[in-house]
């Protein structure tokens with residue numbers, strides 16, 4: 001009989017809620033303004049955002065909107081200052097207050113238009129801040145569908161897997 005004790009499988013399981021809280025509370029090293037940030041593949045950013053959003057409808061909705069529209073994950077000027085990464089790099093969460101400040105800065109590169117509207121809608125799903133609903137007309141049909149699906153995900157009525165077309 002072995003005296004070596006094996007940890008129980010229950011002890012080894014990671015509780016989803018704990019994992020999400022841990023991912024969103026870890027703070028990555030912040031980059032200084034003007035610091036060079038290496039370009040990352042949009043797939044890496046998307047995967048990290050979806051991992052961190054697991055179990056949170058609002059986070060899933062905003063991740064869906066940001067990744068399906070695509071501009072956020074392809075713009076180092078946005079993700080470099082607006083994402084916090086877990087220590088192991090597997091989880092990324094958006095700093096919503098920072099994103100709102102970047103997008104609404106008077107001298108910023110985000111004038112009224114579709115991208116600004118989408119980014120502010122995503123912010124409002126998290127901080128209940130002002131939403132530019134009067135600007136929805138600036139969205140083309142594709143982006144309007146993405147936003148409406150995102151809102152549907154946020155209500156919990158549309159599972160993320162179904163929205164992504166991954167239903168069994």
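Numbers below:
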item: Residues listed by number, region 53-87, amide nitrogen under 20 Å from residue 39 label point at 7 Å toward C-beta; result: 67-83
item: Backbone N within region 56-76 under 19 Å of label point (7 Å from residue 101 Cα along the Cβ vector); result: 76
item: Length released on extending from residue 110 to residue 142, taking residue separation times 0.36 nm less the Cα-Cα span; result: 9.5 nm
item: Region 34-85, relative contact order [Cα under 8 Å, separation at least 6], %; result: 38 percent
item: Extent along principal axes [Cα atoms of region 93-168; Å; largest to smallest]; result: 47, 27, 18
item: Mean separation of Cα contacts under 8 Å, 6 or more apart, over the residue count of region 69-161: relative contact order %; result: 18 percent
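Laboratory data are not the source of any read-out in this text; all were calculated from the coordinates shown. Predicted, not measured: the structure shown is a model, and the values here were computed from it. Here Cβ is always computed from backbone atoms with ideal geometry, including for glycine, and neighbour counts include all displayed protein chains.
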